[in-house]
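Engineer: I have a structure I would like to understand better, so I am pasting it below and will then ask my questions one at a time.
The values are calculated or read from the model by the stated rules, or taken from the named source; none is laboratory data. What you are looking at is a predicted structure, and each value in this text was computed from that prediction instead of being measured. When we count neighbours, we look across all protein chains shown, and the Cβ atoms used for this are built from the backbone with ideal geometry, even at glycine.
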Amino acid sequence: MAIRREVPGVRPYDGPAGGWGALRATTLAIRTQMESVKAPITLLRTNQPDGFDCPGCAWPDKEHRSTFQFCENGAKAVTWEATTKRVRPDFFASNTVTSLLQMSDYQLEDMGRITNPMVYDRPTDTFRPVEWADAFNRIGEILRGLPPEQVEFYTSGRASNEAAYLFQLFAREYGSNNFPDCSNMCHEPTSVGLPLSIGIGKGTVSLDDFDNCELILAIGHNPGTNHPRMMGTLHEVARRNVPIIVFNPLKERALERFADPQNWLEMATYGSTQIASTYYQVAAGGDAAALKGIMKALLAMEADQGDILDKDFIALNTEGFDAFSKDMDTTSWEDIEKASGLTRADLEAVAKLYAKSNATIVTYGMGVTQHCRGTANVRLIADLLFLRGNFGKPGAGICPLRGHSNVQGNRTVGITEKPSEAFLDAIENSLGFKPPRQHGHDAVKAMQAMIDGKSKALICLGGNFAVALPDSDQSFPAMGSLDLSVHIGTKLNRTHLLVGKETYLFPCLGRTELDIQANGPQSVTVEDSMSMVHASAGKLTPASEHLRSEPSIIAGMAEATLPNSKVPWTDLVADYDRIRDLIEKTVPGFQDFNARIRVPGGFRLPLPPTERKWTTPSGKAVFSVFGGVKEDADVLGGEEVLRLMTIRSHDQYNTTIYALDDRYRGVFGRRDVLFMNAADMDGRGLEHGDVVDIETIVSNRKLHLKGLTAIAYDNIARGSVAAYYPEANVLVPLDYIDPESGTPSYKSIPVRVVRAEPG
Ligand SMILES: Nc1nc2c(c(=O)[nH]1)N[C@H]1C(S)=C(S)[C@@H](COP(=O)(O)OP(=O)(O)OC[C@H]3O[C@@H](n4cnc5c(=O)[nH]c(N)nc54)[C@H](O)[C@@H]3O)O[C@H]1N2
Ligand SMILES: Nc1nc2c(c(=O)[nH]1)N[C@H]1C(S)=C(S)[C@@H](COP(=O)(O)OP(=O)(O)OC[C@H]3O[C@@H](n4cnc5c(=O)[nH]c(N)nc54)[C@H](O)[C@@H]3O)O[C@H]1N2
Ligand SMILES: [Mo]
């Protein structure tokens, strides 16, 4: 191979993931954000029985044990919130919003925690401090003047159960079911697809299942960065010699080799453990084809030798098998190979291993869900598991890796634009107001309504709404057309700065901070990826005396908006036990809620599939029919078309950028790169380090991103390219979504890549 030219900030990373590099990175995160005396104590309280839940990810902790689980990205999440840096009113006074908008989200958040409630002042183009009560009153006045269906209530998945529950009460008593939430951009295909297949939109495995599994298929997720505590689990599984088969267009280092910082021997010897037994670089968007290939091979083995499928399970528990297997018959190997980028032999080999395993877990993430057929993809995973009865037995099941630390809980307690009648009835009976029955907007629909001028106000419980959504060129201006925007947050981001006619910034307490209300210190609760609900109580002194808790801010707005409210807002905020009592009354599964969260580790919500009970309309688990192998129309298959995946670096938490490195992928100090396979570069006359322009080819609008540096990346599948989120969101069309779930196809955007025009 020709020697590649040097590209600044790009060099191969040869080590394992984890190990000493992770310890070094943690030290750096602490040094740049916190006083080093306070930091270790804070970190030791993460995920302890009486401490706070790590805001980093939704992977559970075994019994919330009392030893500190080292986790580099958990430490970054905690120190980022517990930072000593502050953004005070004098800062806002001396910086116009127009000037702040020139800064990146990284620079904005790195300035620290917001200390005071602020209101936008148009004549000076600055934010100025405002009294809480004045702000609430004005918001109430505006909301009372708007039709409720023109108001959007956004929830980011970090919000606690208590805050989310109050937020939906406020919106529903006001009269809106508009609940765009980050889950709509994330695991909505799980929330929509799994109920159709198994009766509930949640994963079915527990941590114990990982001790008993005989095979793991890991599809479309990057745990070394995004679910770092899962690496401890995978490390143990790999050391039991259990095969872990990975499907991912990118070779992610942590899935190849990982050194567990908890393992002193590995650390002392600079050793590491191989994680993936086999790594298949499936094409972006090719998972449906790959899954169908594995199942087609399995059905062929059954026809040949019998005893491959769990026929009792299929007969007793499922329906739809015949239509499903006919669909496998009519799907050709040629189509499967072309769409998946894998060979028939590869997929037959996986089928053989799968047939040998008595207990299989499939784990999956955004690589599966953020596609035009994300829901159908998720259902294929359930189908695969049905074939060998991998539900309701130890060591087996489905494991969606949730995103935000409480995104699953938010859904459980009522953040949904399509509430069930039963839930609305329970609200009506317990609270005495009539919630609206008409379904509302999800995230994409909310933004579309804002673009069309049909929605006039947006209230955000956390998050970075406009930046996280697709098509920034349309989404950003839509924010400016609002009559009212309100942001409850901890740090400044660009969505906050896209001011409407009136805009409020409400700084809130974070997870790590002490929350004292009328009846004393409060705790909140969260639900992890495995449906365990447990308490979280912050201990640190709040970043400023002016901060309020999320429940208290929501109650303040609600009281000011709804003078005749039936909800006892002040009482509820005085003691969060009372909010939990209401949750218990209105949401199934929370019996003795307050008693059960006082037990360390909390409790598990009911998961009927673990007992082979299927709460589908027919009472059976349901096979799906995918039809074909492609996720979108044929026109998109031309030779020059590449599939763009928008991904997270190792130094970011969604739109929060902690630093500019992506250590395991060998990118340092920059994010303006496009990962490309060398053969795809050759085919376009491109060289490593060339500056390129990218154009999306599925939109009526011209979506362009100019000036990324293309890097020849040996670890990416041919035909797939990758760039960082959120910089690449300008390329994602707002209407290029999975019609079943509404989730944008962030991971498979058909694009053309050309050398940048000089000048
Ligand atoms: N440190 C950190 N932790 C996080 C987050 C964070 O940003 N930073 N975000 C949180 C949130 S909200 C979420 S949702 C999760 C996200 O966690 P993940 O699900 O891991 O999300 P991503 O990093 O977006 O992408 C995952 C992987 O999908 C692969 N991929 C892309 N397209 C395809 C495809 O078509 N097929 C297959 N098989 N693979 C594909 C990419 O190569 C990448 O390795 O993490 C949560 N935890
Ligand atoms: N192109 C592309 N786009 C994507 C994705 C992708 O993979 N590719 N992923 C999508 C996914 S999976 C998700 S989940 C969304 C994420 O979308 P969001 O949830 O909207 O985004 P975040 O970046 O997590 O929000 C960060 C902000 O949350 C606020 N915050 C932090 N802590 C707290 C707190 O304790 N309380 C409150 N109230 N606020 C707090 C801070 O002000 C911070 O600026 O993005 C989606 N967008
Ligand atoms: Mo997410």
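Engineer: If a residue must be assigned to a helix (DSSP H, G or I) and of a type in the set (D, E), how many such residues does region 580-635 contain? Spell out how you get there, then give the answer.
Structural biologist: Kept after step one, since they are assigned to a helix (DSSP H, G or I), are these residues of region 580-635: 580-586, 593-596, 608-611, 634-635.
Checking the rest, the ones that are also of a type in the set (D, E) come to 581, 584, 611, 634.
Residues flagged as assigned to a helix (DSSP H, G or I) and of a type in the set (D, E) within region 580-635 amount to 4.
Engineer: Is there a residue in region 443-462 that is part of a loop (DSSP other than H, G, I, E, B) and within 12 Å of ligand 2 (Cβ to nearest atom)?
Structural biologist: Pass one, region 443-462, residues part of a loop (DSSP other than H, G, I, E, B): 452-456, 462.
Okay, now just the ones that are also within 12 Å of ligand 2 (Cβ to nearest atom), so 462.
So far as region 443-462 goes, yes, one or more of its residues are part of a loop (DSSP other than H, G, I, E, B) and within 12 Å of ligand 2 (Cβ to nearest atom).
Engineer: Give me the residue from region 672-689 that is assigned to a helix (DSSP H, G or I) and touching a residue at least 12 places away in the same chain (Cβ under 8 Å) and, out of that set, surrounded by the fewest Cβ atoms within 10 Å (Cβ to Cβ).
Structural biologist: From region 672-689, those assigned to a helix (DSSP H, G or I) are 678-683; that's our starting set.
Restricting the remaining residues to those that are touching a residue at least 12 places away in the same chain (Cβ under 8 Å) gives 678-681.
Details: A678: 19, A679: 10, D680: 20, M681: 21.
Once the filter is applied, the top-ranked residue is A679.
Engineer: Under 19 Å from the mean Cα position of the chain (by Cα), at pLDDT 95 or above, away from ligand 1 (no atom under 16 Å from the Cβ) and not in a loop (DSSP other than H, G, I, E, B), is that true of F153?
Structural biologist: Numbers: under 19 Å from the mean Cα position of the chain (by Cα): yes; at pLDDT 95 or above: yes; away from ligand 1 (no atom under 16 Å from the Cβ): yes; not in a loop (DSSP other than H, G, I, E, B): yes.
Criteria met by F153.
Engineer: Among the candidates V730, V721, V751, single out the residue that is surrounded by 20 or more Cβ atoms within 10 Å (Cβ to Cβ), of a type in the set (A, V, I, L, M, F, W, C), in contact with a helix residue (DSSP H, G or I) (Cβ under 9 Å, 6 or more places away or on another chain) and farther than 27 Å from D14 by Cβ. Outline the logic, then answer.
Structural biologist: Numbers: V730 fails: surrounded by 20 or more Cβ atoms within 10 Å (Cβ to Cβ); V721 fails: farther than 27 Å from D14 by Cβ.
So the residue among V730, V721, V751 that is surrounded by 20 or more Cβ atoms within 10 Å (Cβ to Cβ), of a type in the set (A, V, I, L, M, F, W, C), in contact with a helix residue (DSSP H, G or I) (Cβ under 9 Å, 6 or more places away or on another chain) and farther than 27 Å from D14 by Cβ is V751.
Engineer: Taking region 156-193 as the search range and keeping residues that are acidic (D, E) and out of contact with any Gly (no Cβ under 9 Å at 6 or more places or on another chain), which one is nearest to ligand 1 (Cβ to nearest atom)?
Structural biologist: From region 156-193, those acidic (D, E) are 162, 173, 181, 188; that's our starting set.
Of the ones still in play, those that are also out of contact with any Gly (no Cβ under 9 Å at 6 or more places or on another chain) are 162, 173.
Details: E162: 20, E173: 29 Å.
For region 156-193, the residue satisfying everything is E162.
Engineer: Name the residue that is farthest from ligand 2 (Cβ to nearest atom), counting only residues in region 268-288 that are surrounded by fewer than 18 Cβ atoms within 10 Å (Cβ to Cβ) and in contact (Cβ under 8 Å) with a residue 60 or more places away in the chain.
Structural biologist: Checked region 268-288; the qualifying residue farthest from ligand 2 (Cβ to nearest atom) is Y270.
Engineer: Okay, next question. Inspect region 695-711 for any residue being touching a strand residue (DSSP E or B) at 6+ places or on another chain (Cβ under 6 Å) and assigned to a helix (DSSP H, G or I) and give the result as yes or no.
Structural biologist: For region 695-711, residues touching a strand residue (DSSP E or B) at 6+ places or on another chain (Cβ under 6 Å) and assigned to a helix (DSSP H, G or I): absent.
Engineer: Out of region 703-745, which residues are within 15 Å of ligand 1 (Cβ to nearest atom) and hydroxyl-bearing (S, T, Y)?
Structural biologist: Once the filter is applied, which keeps residues that are within 15 Å of ligand 1 (Cβ to nearest atom) and hydroxyl-bearing (S, T, Y), region 703-745 yields Y713, S720, Y724, Y725, Y736, S741, T743, S745.
Engineer: Kindly indicate which of D452, D425, D471 is in contact with a Lys or Arg (Cβ under 9 Å, 6 or more places away or on another chain) and of a type outside the set (A, V, I, L, M). So that I can check it myself, show each step before the final result.
Structural biologist: Details: D452 fails: in contact with a Lys or Arg (Cβ under 9 Å, 6 or more places away or on another chain); D425 fails: in contact with a Lys or Arg (Cβ under 9 Å, 6 or more places away or on another chain).
Answer to the check: D471.
Engineer: May I pose another question? Looking only at region 638-671, how many residues end up being part of a loop (DSSP other than H, G, I, E, B) and either closer than 20 Å to G719 by Cα or within 16 Å of ligand 3 (Cβ to nearest atom) (or both)? I'd like the intermediate steps shown before the answer.
Structural biologist: So the first thing to find is which residues in region 638-671 are part of a loop (DSSP other than H, G, I, E, B), and the list is 638-641, 648-651, 654-655, 658-661, 666, 668-671.
From what is left, the residues that are either closer than 20 Å to G719 by Cα or within 16 Å of ligand 3 (Cβ to nearest atom) (or both) are 638-641, 648-649, 654-655.
Final tally of qualifying residues: 8.
Engineer: Residues in region 426-446: is at least one under 30 Å from F386 (Cβ atoms), more than 16 Å from ligand 1 (Cβ to nearest atom), small (G, A, S) and surrounded by fewer than 18 Cβ atoms within 10 Å (Cβ to Cβ)?
Structural biologist: No, every residue in region 426-446 fails to be under 30 Å from F386 (Cβ atoms), more than 16 Å from ligand 1 (Cβ to nearest atom), small (G, A, S) and surrounded by fewer than 18 Cβ atoms within 10 Å (Cβ to Cβ).
Engineer: May I ask you to list the residues in region 267-276 that are in contact with a Phe, Trp or Tyr (Cβ under 9 Å, 6 or more places away or on another chain) and part of a helix (DSSP H, G or I)? Please lay out each step first, then the result.
Structural biologist: To start, the set of residues in region 267-276 that are in contact with a Phe, Trp or Tyr (Cβ under 9 Å, 6 or more places away or on another chain) comprises 267, 270, 272-275.
Matches in region 267-276: M267 only.
Engineer: Within region 426-448, is even one residue within 23 Å of the chain's Cα centre (by Cα), more than 16 Å from ligand 3 (Cβ to nearest atom), hydrophobic (A, V, I, L, M, F, W, C) and within 24 Å of L166 (Cα to Cα)? Can you show your working first?
Structural biologist: Taking region 426-448 first, the residues within 23 Å of the chain's Cα centre (by Cα) are 440-448.
This time we only want the ones that are more than 16 Å from ligand 3 (Cβ to nearest atom), so: 440-441, 445-448.
Those still in the list that are hydrophobic (A, V, I, L, M, F, W, C) too: 446-447.
Among the residues that remain, those that are also within 24 Å of L166 (Cα to Cα) are: 446-447.
Scanning region 426-448 turns up at least one residue that is within 23 Å of the chain's Cα centre (by Cα), more than 16 Å from ligand 3 (Cβ to nearest atom), hydrophobic (A, V, I, L, M, F, W, C) and within 24 Å of L166 (Cα to Cα).
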